[in-house]
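Report on the structure given below.
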Amino acid sequence: FVGADGRIEKYVSIRTDITARKRAEALLQATNEELVVARHAAEAASMAKSEFLANMSHEIRTPLTAVLGYADLLAEDGDGTSAQCGQTIDTIRNAGKHLLVVINDILDLSKIEAGQMTVERIDTPLVGILSEVESLMRPRAAGKGLRVTTAFGTAVPERILSDPTRLRQILMNLVGNAVKFTEEGTVTSTVSVAGEGASQRLLIDVEDSGPGMTADQAGRLFQAFGQADATVTRRHGGTGLGLMISRRLADMMGGEVVLMCTELGKGSCFRIILPIEPAPGAAMIDRLEAVKATTWTKAAAQPACLAGRILLVEDGADNQRLIAFHLKKAGAEVDVAENGKIALEMLDKAAAQGRPFDLLLTDMQMPVMDGYALARVLRSRGSTLAIVALTAHAMAEDHARCCEAGCDDYATKPIDKVKLLEVCAKWMGKRGGGIAAQAA
């Protein structure tokens with residue numbers, strides 16, 4: 001209060017202790033900073049893991065291309081006079097395929113856990129996939145004296161809207177497990193449709209006459225690296241990831257994989273449950289015979305013929321020889337570059353000589369200049385040369401990365417000779433760039 005003479009006579013002071021608030025603010029700021037640091041660390045760890053998996057995929061799948069490819073060449077070119085030689089080739093091929101299954105399982109699990117696995121919703125030949133899985137599993141089963149059959153509980157749409165790759169993968173895992181663990185009897189896949197309207201579901205029961213499981217063993221299923229019996233790994237092999245991956249994939253597709261029943265000494269039954277939406281115009285099918293002829297025709301298809309010049313960019317000498325052999329045998333003229341830098345020089349030289357290449361087939365992970373950088377440089381120059389990526393990274397997002405760099409299509413390692421030649425024939429001499437990259 002101010003007196004008559006202008007001096008302060010009294011005053012009121014209010015004090016508020018904000019020590020606790022300041023401590024809380026400091027703590028909150030520190031916590032936020034710690035959270036930011038933790039988030040950055042987690043993101044860095046995730047990126048490091050993804051890069052490690054990509055490198056591991058490349059380092060394992062690339063040599064497998066040579067192992068499986070040359071085993072196939074030996075089998076095709078052999079004169080059949082030596083049974084021991086044939087058995088040796090089969091051993092090499094089977095060992096390579098087993099390694100491929102293992103690496104694919106590990107990569108799939110890692111992609112799922114990292115949230116990088118995606119599923120599609122496209123026109124899917126349901127009955128064709130059932131027939132294909134039966135055909136693929138029949139030789140393995142016949143070697144053990146087993147019968148593999150497919151039955152229909154109800155008529156089902158020949159085609160549905162789903163993810164064909166993941167549906168095939170789940171079926172191959174379940175039917176493959178049933179064949180692997182069953183020593184005598186049958187393995188039967190029964191497909192049916194249950195429910196009505198929006199609640200309608202596709203049911204596929206995979207039933208075997210194998211050893212069955214105890215309740216304790218069944219409780220250990222669907223766990224990463226877990227198997228019902230610890231001795232199974234030594235007796236049958238495998239990563240123990242198949243069932244868990246199948247369940248996770250089915251969950252991503254809006255369904256599930258469950259153990260319906262099992263009895264020790266009498267067998268087990270696993271059920272795949274998925275949403276079902278018939279594809280437009282799909283016929284109702286209640287037997288496999290309608291599609292078996294088509295499946296057989298596709299299996300017997302001859303490799304495509306090629307006409308034109310291909311520049312193959314690949315740093316591995318073994319794969320250079322193998323891939324170039326297949327391309328030349330199909331009719332193409334092939335030149336080889338060890339990396340992207342050399343490839344650019346060869347492309348410029350060919351253009352200057354008036355003999356440009358009709359297709360660029362490039363590995364994506366190479367020293368000096370990799371396939372991604374090569375594609376980007378070419379597109380930045382305005383090149384419309386068609387580019388097919390040859391990659392050991394086989395996931396959908398890897399395909400997208402190739403397209404974003406400027407590639408028009410891709411083929412995976414280990415190579416499938418027929419598919420490789422098909423994709424090369426598709427783009428040979430065609431205008432590339434732009435459209436594919438924008439679509440990605």
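The values are calculated or read from the model by the stated rules, or taken from the named source; none is laboratory data. Everything numeric in this text was worked out from a predicted model, so none of it was measured. Here the Cβ positions follow ideal geometry from the backbone for every residue, glycine too, while neighbour counts run over all protein chains shown. Keep in mind that these areas ignore ligands, DNA and RNA; they rest on the heavy atoms of the full protein, side chains included. Shrake-Rupley method; radii C 1.70, N 1.55, O 1.52, S 1.80 Å.
Amide H of ASP163: which non-local residues (sequence gap of 5 or more, or other chain) have their own amide H closer than 5 Å, using H built in the peptide plane?
ILE122
Going by a ≥ b ≥ c, the root eigenvalues of the Cα gyration tensor, does region 93-156 fall in the rounded group (a/c under 1.5), the prolate group (a/b larger than b/c) or the oblate group?
Working: a/c = 2.89, a/b = 1.18, b/c = 2.44.
Oblate is the answer for region 93-156, as a/c is 1.5 or above yet b/c matches or exceeds a/b.
5 Å is the cut-off here: which amide hydrogens, built 1.01 Å from N in the peptide plane, fall below it relative to ALA151, excluding neighbours closer than 5 in sequence?
SER189, THR190, VAL191
Between region 373-392 and region 306-369, what is the separation of their alpha carbon centroids in Å?
Value for the Cα centre distance between the two parts: 12 Å.
I'd like the distance between the alpha-carbon centres of region 16-31 and region 157-173, rounded to an integer number of Å.
Centre-to-centre distance over Cα atoms comes out at 57 Å.
Mind listing the long-range amide H neighbours of TYR410? Cut-off is under 5 Å, sequence gap 5 or more, other chains count too, H placed in the peptide plane at 1.01 Å from N.
Under 5 Å from the amide H of TYR410 lie the amide H atoms of ALA389, each far enough along the sequence or on another chain.
Given the pairs LYS97/LYS329; LYS180/LYS426; LYS111/LYS419; LYS144/LYS328; LYS341/LYS419, which are separated by over 29 angstrom at their Cα positions? Intermediate results must be reported in sequence, preceding the final value.
Details: LYS97/LYS329 24 Å; LYS180/LYS426 38 Å; LYS111/LYS419 25 Å; LYS144/LYS328 40 Å; LYS341/LYS419 27 Å.
Check vs 29 Å cut-off fails for LYS180/LYS426; LYS144/LYS328.
Only sites in a loop by DSSP and with at most 15 other Cβ atoms within 10 Å count here; which trypsin sites (Lys or Arg not before Pro) in region 117-147 make the cut? Don't jump to the answer; show the numbers that get you there.
On the way: sites: ARG121, ARG140, LYS144, ARG147; in loops: ARG121, LYS144.
Passing both the DSSP loop test and the Cβ count: ARG121, LYS144.
Using a probe of 1.4 angstrom, how much of the accessible area of region 153-228 is carbon and sulfur, in percent?
50 percent
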